[in-house]
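Shown next, in structure tokens, is the structure this report addresses.
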């Protein structure tokens, strides 16, 4: 599918309880952690770019500066699914034929993998895989958005993705940051991954 037919959303309304602070604003090689994936995605000529954030989130201004439309989630306590519902609602107001969902705490995403997901998309949901499990970023054709609206709680689309087609991502590019230890361990990846900055 052409990029111009895809709406891209970055989900950035999590509470980061395991990290202990606002992890998306933590410095990672001179850039806020939560901005890195958004930069790679902003360079794709998509139908729209959205970022779902908590009201008043510091990271939101960075997304706005990159050209993202900010969608506020005042109900982030209800879990990841609440952000998915808002993402679908925003995308439904566009002419997009698919929705690509990415997580803000995956700072090593590469644009080449995102482009591959979009190219592979037809009528099926396609998840990314690290060779072990299916995960975001994932692309959902418009005909499947109702499945996202049916999700509940913090599991998000995990069950949906477990049954989806998957596309292997470059080694290390799907690593997410949940704890300070994850951040420390991930810094070495900056030497080996082209993260589009």
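Each reported figure results from applying straightforward, stated rules to the coordinates on display, with no laboratory input. Since this is a predicted model, take the numbers as computed values, not measurements. As a convention, Cβ positions derive from the backbone with ideal geometry for all residues, glycine included, and neighbour counts pool all protein chains shown.
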Inter-label distance, nm, simple model (7 Å from Cα along the C-beta direction), residue 77/residue 133: 2.7 nm
Residue list for region 129-152, given a label point 7 angstrom along the Cα-to-Cβ vector of residue 69 and an amide N cut-off under 17 Å: 142
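If packing is taken as the average count of other Cβ atoms within 10 Å, what order do 123-131, 152-160, 3-11 fall into, highest mean first? Numbers along the way, then the final one.
Values: 123-131: 18.3, 152-160: 15.3, 3-11: 23.4.
For the peptides 123-131, 152-160, 3-11, the packing ranking is 3-11, 123-131, 152-160.
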Relative contact order (percent, whole number), region 3-191, Cα cutoff 8 Å, 6+ residue spacing: 25 percent
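Per Stokes-Einstein, at 10 °C and 1.306 mPa s, what whole-number D in µm² s⁻¹ belongs to the chain, with the Kirkwood radius over Cα pairs as the hydrodynamic radius? Can you show the working numbers first?
Numbers: Rh = 16.4 Å.
In µm²/s, the coefficient is 97.
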